[in-house]
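Presented below is the structure to which this report refers.
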Amino acid sequence: MPFVKNAWYVAGWSTAFGEALTPVTITGEALVMFRASDGRVVALEDRCPHRLLPLSKGKRIGDTIQCGYHGMTFDGSGKCVRVPGQQNLPASAYVTAFPVEERHGIVWIWMGDPEGANPDDVFDLPEFSDPGWHAHHGDALHLHAHYLNVAENLMDPAHVSFVHPTTLGNAASENVPVHVSTSGATITAWRWIRDSAPIGFFKKFGGFTGNVDRWHYYHLHLPSIAVIDFGSADTTLALPEDDRDQGVRIFALHFVTPVTEDYTIDHWMHLRNRAQGDDAASAQMDAMFRIAFDEDKAILEAIHQAEQRPQRRKPIRIAIDKGPNVYRKRIRDLIEAETTEDLGAPVAPSFVQVD
Ligand code: FES
Ligand SMILES: [Fe+2]
């Protein structure tokens, strides 16, 4: 299945981009990225139009890249500014430049038609700049897995009881039904587990000893950003569903970037309404998330292997799959809309025949 192109994907944390030419692959396309002297991050097609040597193998000269083979040189807009040995710069000598936006220490890239790139569409949350909240960049999880399976895992509260028994789930939630809402721009799956023992995460982080009311809301923003709002409050508070800030509340964000059909990078971070400015708490949470996400990685990579083998029959679907089913349909629709638009565009002839 091809990828959704008209979307802002995370290329990396801001700290990943500096002077060096950095190769990055997103939706199967090889890019070379660097931070220009004005501080802006540049993303270009990583392929010299001459003999196709990746430009990331070349040399940065000021804000240009000199190809490592014959020295053709391209500026940050992808325009060729030098062809050694000739004065004339052919019109076909350029590389594609991709729109880039940087916000909250995250570098985003638009992989589709540049005309559709609207910076207002870059994912944002008011809590990023709310003093009552603390935002912390976690890490990048690399998975040998298809991004749809990764995203599906992030709208699936049902797996936590079985995959993450020491951190994010426990047996108390095994049989609690999952609600799913697919009517808005996001797909949301959620459930409350009332009056039960706290999970490992909140025993350690929230300091709960008695029973708690626990919630998990999984919001999936298409094509592949997940916001997991989860938390706990003392059962005696009888917390209403829409007053979750009274409890210990955490957002785990996953920016899922499809690299190829076999490889995905999940940049994850978290925000919380407790322990603002407490680095030890951030490190403690990172450590717990790492345990959980490595558990997901093991499952998703094993599934990817199984998918490569001949299939005797189609996978079955059960009640908890409502969210993933709708998600896959929406992704198919987005891809179809993008490719149908392309059909209307004039097709450039690949050769001219002269009789
Ligand atoms: S391959 Fe880049 S200049 Fe020849
Ligand atoms: Fe998980």
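The values are calculated or read from the model by the stated rules, or taken from the named source; none is laboratory data. What you see is a predicted model, and the numbers here were worked out from it, not measured in a lab. Counting neighbours? That spans all protein chains shown, and the Cβs are built from the backbone with ideal geometry, glycine included. What goes into the accessible areas is simple: the full protein's heavy atoms, side chains included, and nothing from ligands, DNA or RNA. Shrake-Rupley method; radii C 1.70, N 1.55, O 1.52, S 1.80 Å.
Annotations
- Among the listed pairs 5/203; 297/329; 204/314; 203/329; 5/297; 5/314, those whose Cα-Cα separation exceeds 31 Å are 5/203; 204/314; 203/329.
- Formal net charge of residues neighbouring residue 122 (Cβ-Cβ distance under 10 Å; K, R +1; D, E -1): -4
- Within the accessible area of the range 126-330 (1.4 Å probe), percent carbon and sulfur: 54 percent
- Structure remark: mean-square fluctuation, Gaussian network model of the chain, C-alpha springs under 10 Å; the largest value among 335, 316, 193 belongs to 316.
- The Cα center of the range 119-158 and the Cα center of the range 231-287 differ in position by 9 Å.
- Helix 279-308 axis, angle to the chain major axis (alpha carbon atoms, nearest 10°): 70 degrees
- Comparing 56, 183, 77 in a Gaussian network model of the chain (Cα springs below 10 Å), the most mobile by mean-square fluctuation is 183.
- Listed residues 262, 120, 156, most fluctuating in the chain (Gaussian network, C-alpha, under 10 Å): 120
- Computed FRET value (nearest 0.05) for residue 57 with residue 280, which takes r as the C-beta separation and R₀ as 41 Å: 0.45
- Virtual paramagnetic centre 7 Å along Cα→Cβ of residue 291, amide N under 18 Å, in the range 222-238: 231-232
- Per residue solvent-accessible surface (Å²) - the range 90-139, probe of 1.4 Å: 50 Å²
- Exposed-site-free run, longest, the chain (rule: trypsin sites (Lys or Arg not before Pro); DSSP loop; at most 10 other C-beta within 10 Å): 52-311
- GluC sites (Glu not before Pro) restricted to the range 1-94 and DSSP loop, no more than 11 other C-beta within 10 Å: 19
- Once divided by 2.2 N^0.38 Å, the Cα radius of gyration of the chain becomes 1.14.
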